[in-house]
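Read the structure below first, then the notes.
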Amino acid sequence: MESFRNFIPQITVQSPGRINFIGEHTDYNMGFVLPTAIDRKIIFKLRKNNSKKNCYVYSANYDTGFSFDLSEISISVKEWENYILGVIHEIQQLTDKLRGFDCVLSSDIPVGSGISSSAALECGLAFGLNELFELGLSNLTIVELSQRAEHNYVGTKCGIMDQYASVLSKKDHVILLDCKSVKHEFIPLKIEPYKVLLLNTNVSHSLASSEYNKRREECEKGVRIIQQVYHQVKSLRDVDEKMLAEFRGTLGETIYRRCNYIVEEKSRVLQAVEALKEKRLKDFGTLMYATHEGLTKEYEVSCPELDFLVEFSKKYKTIIGSRMMGGGFGGCTINLIHESAVEEFIEKASTAYFKKFSIKLDALEANPSGGTSILNDQ
Ligand code: GLA
């Protein structure tokens, strides 16, 4: 294929990464989440190549590409290819209108940082192909097929949050998503004089995917036990603190702690939304700290690097909330920090983090942005 620079696309799509203020690991338990897309994105340049079934996808970041035949889609040994192939496979379950295409992609979302470069990749491709071949898929269908691609081709049994936020976000708002009804409310994000600062630990422990699926199974096991008595319970969404307390002995210590975190986190999200609406930002931040505590101690998806950064933030009055974000075992912390303190804090945290782990810390300010869209400036 000709070089990236000479590639003339028919359409260009941008698909963003996301942050999540609160509501972690609640999506696959049918609870609430509070994410939004940010100004870090993958750009897709796409064109039809007039073949029936030959496709080529090239990543400018990695200077690598691969070709495939639309009539022979199957799981690859290379993980990144599976995000692409998974989306193609899922689109093919819905329509036979796909034809040969070429795609060049470039990204400024750090990979493995918990900002969901995977959802951006899946959703941007699905969105772009939907436009290019006029497939007639709705945004929600794009979200859901991208989630299935991750389940079936990548093997992570993720919830719906990342894909939903990547596609459906609205600038300067957060999405209160009810993962049971799959309905959302946009809430204006008014946090001045605070900013959202992400600190990337630059670690991504290999446990991430296997432990993620294990947490999901543990929650499902909890539900199955509770269901034996309360038949109406379909997920942890339907369980409250009182009901859970009845099963403390039966569930066993580990499953109980997993379920207890989820039950508490569900109500924390709703409390945080009230705090945001009433501009009680300190209360909002306190709830973020409580989430971190639960993720570390009860859900056990944090790691020493994330815990260190959250603890470190507590020394600064200018930081009102901090916690690990995303699936866990590495990636970023999300911090609510006074705008006047950003620079100094980054410097102090980077020095302390390097001293402790000999790893470079990356900081990035995240600005809420709109969801996946076509770029007009070509
Ligand atoms: C990952 C998954 C999401 C969600 C978060 C944890 O980002 O893709 O579905 O479960 O972890 O909240």
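The values are calculated or read from the model by the stated rules, or taken from the named source; none is laboratory data. It should be emphasised that the depicted structure is a prediction, and the values quoted were computed from it without experimental measurement. Backbone-built Cβ (ideal geometry, glycine too); neighbour counts: all protein chains shown. The protein model used for the area step is the full one, side chains on, heavy atoms only, and it has no ligands, DNA or RNA in it. Shrake-Rupley method; radii C 1.70, N 1.55, O 1.52, S 1.80 Å.
Its DSSP H runs of at least 4 residues, each contributing -39,500 (n - 2.57), put the calculated 222 nm mean residue ellipticity of the chain at -12500 deg cm²/dmol, to the nearest 500. Computed with every protein chain present, the accessible area of S74 is close to 70 Å² [probe 1.4 Å]. Pairs with C-alpha atoms separated by more than 20 Å, drawn from the list K190/K277; K97/K180; K180/K297, are K97/K180; K180/K297. Of all aspartates and glutamates in the structure, the ones whose alpha carbon falls short of 15 Å from that of K53, not counting any fewer than 8 places away in one chain, are D69, E72, D96, D102. Here the scattering of region 136-292 is modelled by Debye summation over its C-alpha atoms, one equal scatterer each and no solvent; at q = 0.08, 0.19, 0.21 Å⁻¹ the log10 of I(q)/I(0) is -0.30, -1.43, -1.44.
Annotation: amide H of I38 within the under-5 Å range of G17, R18, I19, S369, sequence separation 5 or more or interchain, hydrogens built in the peptide plane. Please give the net charge around H173, taking every other residue with its beta carbon less than 13 angstrom from that of H173, where Lys and Arg add +1 and Asp and Glu add -1. Local net charge: +3.
Taking 32 Å as the cut-off for C-alpha to C-alpha distance, list the pairs among K183/K348; K78/K171; K242/K282 that go past it. Long pairs (Cα-Cα over 32 Å): K183/K348; K78/K171.
Dividing the Cα radius of gyration by the Kirkwood radius, what Rg/Rh value follows for region 1-142? Let's see the in-between values first.
Values: Rg = 15.4 Å, Rh = 15.9 Å.
Answer for region 1-142: 0.97.
Quick one: compute the contact order of the chain, relative version, from alpha carbon pairs under 8 angstrom and 6+ residues apart, as a percent.
Working: 781 pairs, mean separation 91.9, N = 378.
After rounding, I find 24 percent.
Can you give the net charge of the other residues whose Cβ lies under 9 Å from the Cβ of P16, counting K and R as +1 and D and E as -1? Walk me through the numbers before you get to the answer.
Values: positive: R18, R40, K41; negative: D39.
Overall, the nearby charge balance is +2.
If you take the C-alpha gyration tensor of the chain, multiply each eigenvalue by 5 and take the square root, what semi-axes do you get, largest first, in whole Å?
34, 26, 19
Projecting the Cα positions of Q232, G17, I187 onto the charge dipole of the chain (unit charges on Cβ atoms of Lys, Arg, Asp and Glu, taken about the Cα centre) puts Q232 furthest along the positive direction.
Per-residue counts of other Cβ atoms within 10 Å, averaged by peptide: what ranking do you get for 91-103, 113-125, highest first?
Working: 91-103: 16.8, 113-125: 29.0.
Sorting 91-103, 113-125 by mean packing, highest first, produces 113-125, 91-103.
With all protein chains in place and ligands, DNA and RNA left out, the 1.4 Å accessible area ranks K195, K234, K279 as K234, K279, K195, largest first.
Summing +1 for each Lys or Arg and -1 for each Asp or Glu among the other residues whose beta-carbon sits under 11 angstrom from that of G252 gives +2.
Quick one: dipole size for region 191-295, taken about the Cα centre, charges +1 on Lys/Arg Cβ and -1 on Asp/Glu Cβ, in debye to the nearest 20.
Numbers: 18 positive and 16 negative charges, 30 e Å.
In debye, rounded to 20, region 191-295 gives about 140.
Suppose every K and R has +1 on its Cβ and every D and E has -1 on its Cβ; what is the size of the dipole of the chain about the Cα centre, in Debye to the nearest 20?
Values: 46 positive and 50 negative charges, 55 e Å.
The calculation lands at about 260 debye.
Note on C158: accessible area approximately 10 square angstrom, rounded to 10, probe 1.4 Å, nucleic acids and ligands left out.
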